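Only the coordinates and a few stated rules stand behind these numbers; no lab work does. Keep in mind it's a predicted model, so treat the numbers as computed, not measured. Using ideal geometry, Cβ is built from the backbone for each residue, glycine included, and neighbour counts are taken over all protein chains shown.
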Amino acid sequence: MGSAWAITGLVAAVSSTPADSVRKEVGVQVHTGFIIPHADDLKAISQSSPVGIIVEYSRTNLRRSAFDRCNCFARIGAYAHYMAFNNPAELGRTVGAGAFFEPLIRYGKPLSFSIRTTAGLAYLTRVFDPQTNPRNTFFGATLNGWLGVSAAAHVRVSNHLRISLSANYNHISNGGSRQPNRGMNFPTVAAGMIYTANSFPFPDPRRWSKPQLTKRFVVRLMPFASIRTFPQTDLFPEKATWLLGITATAGWRLNRFHTLSGGTELVHDGYIREQRRRVNHSPDSWQVALLGGYELWLGRYVFAAHLGWNAYQPDTIPDGRVFQRYQLLYALSDRVRLGVGLKSRLQVAEGFDVRAGLAF
């Protein structure tokens, strides 16, 4: 009988521990903002003000194992959005959903802060059409990716309720899978409320021992791939092309969080090759670039921002040789890295990629 009670008590303790370590929250935000016209011919169509609403659900794991993944407590959640661009004939509306990752700052205080990164999908009701919607060169496809970054301030009203005010930078693009794909950048401000169903107190990580930095010099090889699609024309059918490449970087870790790194990148761009073929140029598709920049390491997550310079590229590539390369990587193990990349020239995104590689 005593053994049965002991087993029952152990099962109850184990089953209650995870629940007591996870804060579950629901929230809503109301957004308004403006569209950035990143080219002169986009100014006329960019005069409207987007408005919308986002609803979300999140969990904050308070266990040390979760804290060690990013050296932070973070809300991880899902959202659904509705956004109207106040130009129904040309820009229409967007609905969609995705996920977010939100490290917390001054958590547990009456006034707290957070920084959020967002990734999801956006379905658009109005896209480019050469006859019926020629000015909307923001969007060439109905299904697009949505990326965002935001900073928020939170005021605790009670143990279960907070109000928030945030500044958000949003980007919608199809990553070059359909043309035109100039993408839309639209900052917004948002007011919202967050309800915490189980308001467990935050532990104090200062009581935990800090992991030691045992390796300063790091090397990483990251093969990557993406797809860009030519639209159908009077002379050519629609055609999808592959971009394949590999990035090799080496870096010096200044401390657990900050790294300076540089390297090289080799790219075979099927889109450029096909573009040249269509105008009877030699089928040159190779690009060789030098990279240099900064990396932020947060536990298993790495955000890398590099400035690139193409030492070699086909002569038909516009806008010079300089570009930006961004990577968001996750350490699946000590060696294996998974992630996504973005290449852009100033504020114009050229395309997203998926990547997987090894660290040494």
Check your understanding: Which Cα, out of Thr94, Tyr57, Ile35, lies furthest along the positive dipole direction of the chain (beta carbon charges, K/R +1, D/E -1)?
Key -> Tyr57
Point to revise | FRET efficiency, 1/(1 + (r/R0)^6) with R0 45 Å, evaluated for Phe202 and Val95 via beta carbons | key: 0.85
Review point. Using a cut-off of 30 Å between alpha-carbon atoms, which lysines can reach Lys210, once sequence neighbours fewer than 8 places away in the same chain are excluded?
Key: Lys24, Lys109
Check your understanding: Once both labels are modelled 7 Å past Cα along the beta-carbon direction, what's the Arg335-Thr214 spacing in nm?
Key -> 1.6
Point to revise | Extended-chain gain in nm, criterion 0.36 nm per residue less alpha-carbon gap, Trp309 and Ala80 | key: 78.6 nm
Check your understanding: So how much slack lies between Arg135 and Arg63, counting 0.36 nm per residue of separation and subtracting their Cα-Cα distance, in nm?
Key -> 20.8 nm
Point to revise | Measure of compaction for the chain (Cα Rg per 2.2 N^0.38 Å) | key: 1.14
Practice item. Give the cross-link partners of Lys239 among the lysines, using a straight C-alpha distance below 30 Å as the criterion and excluding same-chain residues fewer than 8 apart. Key: Lys343
Check your understanding: What is the magnitude of the charge dipole of the chain about its Cα centre, with +1 placed on the Cβ of each Lys and Arg, -1 on the Cβ of each Asp and Glu, and no other charges, expressed in debye to the nearest 20?
Key -> 1260
Practice item. Determine Rg/Rh for region 21-205; Rg is computed over alpha-carbon atoms and Rh is the Kirkwood hydrodynamic estimate from the same atoms. Key: 1.04
Review point. So which chymotrypsin sites (Phe, Trp or Tyr not before Pro) in region 173-282 end up in coil per DSSP with only 11 or fewer other C-beta atoms within 10 Å?
Key: Trp208
Point to revise | Listed residues Leu254, Leu307, Leu298, most fluctuating in the chain (Gaussian network, C-alpha, under 10 Å) | key: Leu254
Review point. Quick one: helix 2-19 against the long Cα principal axis of the chain, what's the angle to the nearest 10°, folded into 0 to 90?
Key: 40
Check your understanding: For the chain, the longest stretch holding no trypsin sites (Lys or Arg not before Pro) located in a DSSP loop with at most 12 other Cβ atoms within 10 Å is which?
Key -> 217-334
Review point. Among Val279, Phe217, Tyr312, whose Cα lies farthest out toward the positive end of the dipole of region 215-359, if unit charges sit on the beta carbon of Lys, Arg (+1) and Asp, Glu (-1)?
Key: Phe217
Review point. How much space per residue, in cubic angstrom, does the convex hull of the C-alpha atoms of region 54-96 take up?
Key: 83
Review point. For labels at His160 and Lys43 in the simple 7 Å Cα→Cβ model, what's the distance in nm?
Key: 5.3
Point to revise | Most fluctuating residue given options Asp41, Asp334, Asp234, as computed from a GNM of the chain linking Cα atoms under 10 Å | key: Asp234
Practice item. Could you check which residue among Gly270, Gly98, Gly108 shows the biggest mean-square fluctuation in a GNM of the chain with a 10 Å Cα cutoff? Key: Gly108
Study note, to complete from the structure: Checked against the positive end of the charge dipole of the chain (+1 on Cβ of Lys and Arg, -1 on Cβ of Asp and Glu, about the Cα centre), the farthest of Pro187, Trp242, Ile105 is Ile105
**Study point:** Estimated distance in nm for a label pair at Ser282 and Phe236, the labels positioned 7 Å out from Cα along Cα-to-Cβ
**Key:** 1.9
Practice item. Determine the dipole magnitude for region 256-311: charges of +1 sit on the beta-carbon of Lys and Arg, -1 on that of Asp and Glu, nothing else is charged, the reference point is the Cα centre, and the result goes in debye to the nearest 20. Key: 120
Point to revise | Neighbour-count order for Asp40, Asp269, fewest beta carbons within 10 angstrom listed first | key: Asp40, Asp269
Review point. Extension gain Ala225-Val30, at 0.36 nm per residue separation less the Cα-Cα distance, in nm?
Key: 66.6 nm
Review point. Using unit Cβ charges (K, R positive; D, E negative) and no other charged atoms, how large, in debye to the nearest 20, is the dipole of region 21-205 about its Cα centre?
Key: 540
Practice item. Treat the count of other C-beta atoms within 10 Å as a stand-in for reagent exposure and order Leu121, Leu213 from fewest to most. Key: Leu213, Leu121
